[in-house]
Amino acid sequence: MPPLRSVLGLTAIFMTAFLFFMIMLMPASVVTLALPDAADNEDALPRPQLSGLWWRGQGDMEWQGKPLQIRWEMDWRWLTPGVQLALHTGQINAEGWIGADWGDWSLQHWRAQLPVDLINDFLPQGQADGNLDLALTSLSIRENTIAEATGTLRYHGGLVSLGPGMEMPLPPLDGVLAMTPLGPALSVTGPESSSLAHAQLEGKTLTLQVFRALPLLLGMGEEGNAKDVVFSTQQELSLPDASAG
């Protein structure tokens, strides 16, 4: 008869392996059990339909009244827990990695395609159409402050409207997101790499400058130095507190 210590050791190993496999094989649908039911709470969204495992799966849900498809897979980067996400709703597609470590957030290697009309509210005037390709190499938020931001964007061209009967074509544009001593900044360039606009975030203050090259590109304004600032504005942003619970 084997000694009691050996029996207890084997039992502990068996129980540990059993619990490990039970946790790893837990279906993703168990997450929805803790969510309120729309039938019991008018403010609650319909429960998402999830399939797969809790650490790797896919699902369908509702976001702002539109269907949203999501895929995820747990993915640790060194000692930082994170998730590889893929999102699709309407004309928006996004995929990348997001992780959190003691209240600090990190996004890496995100790629997204979205229509320009989503950002028309941020334009100083007029409306634009077309599509944007966004490549966010890295975004780090530490103590509710952007500590790192690098990436690029590509506007594939379209129409810009400055009012009734004032529609004109806009060629493809490029943007570069980078860190400066003041904080993250986005520089937008047009044909022949001419500087069109520059946005700078310093603390919670967003400063936007538009250069003469942009109205000249649209066939508007007077001739002059293409690098002159013809429009400038500042806006205080209300940034959410990532540490608020």
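Here are a few things to note about the model shown:
- Stretch gain in nm, segment Met168-Asn144, where the contour uses 0.36 nm per residue and the Cα spacing is subtracted: 4.6 nm
- Convex hull volume of the C-alpha atoms in region 192-242, normalised per residue: 100 Å³.
- Highest mean packing first, where packing is the average number of other Cβ atoms within 10 Å per residue, the peptides 134-146, 207-219 line up as 207-219, 134-146.
- Taken as Cα centroids, region 131-186 and region 219-236 sit 18 Å apart, rounded to the nearest whole angstrom.
- Each label was represented as a point 7 Å from its Cα along the Cα-to-Cβ direction; for Trp78 and Asp228 these points are 4.9 nm apart.
- Cα pair count fraction exceeding 24 Å, expressed as % - region 105-245: 34
- At q = 0.28 Å⁻¹, base-10 log of I(q)/I(0) for region 137-208 (Debye sum, equal scatterers on each alpha carbon): -1.23
Every number here is computed from the coordinates shown, using simple stated rules; none is lab data. What you see is a predicted model, and the numbers here were worked out from it, not measured in a lab. Glycine also receives a Cβ, built like all others from the backbone with ideal geometry; neighbour counts cover every protein chain displayed.
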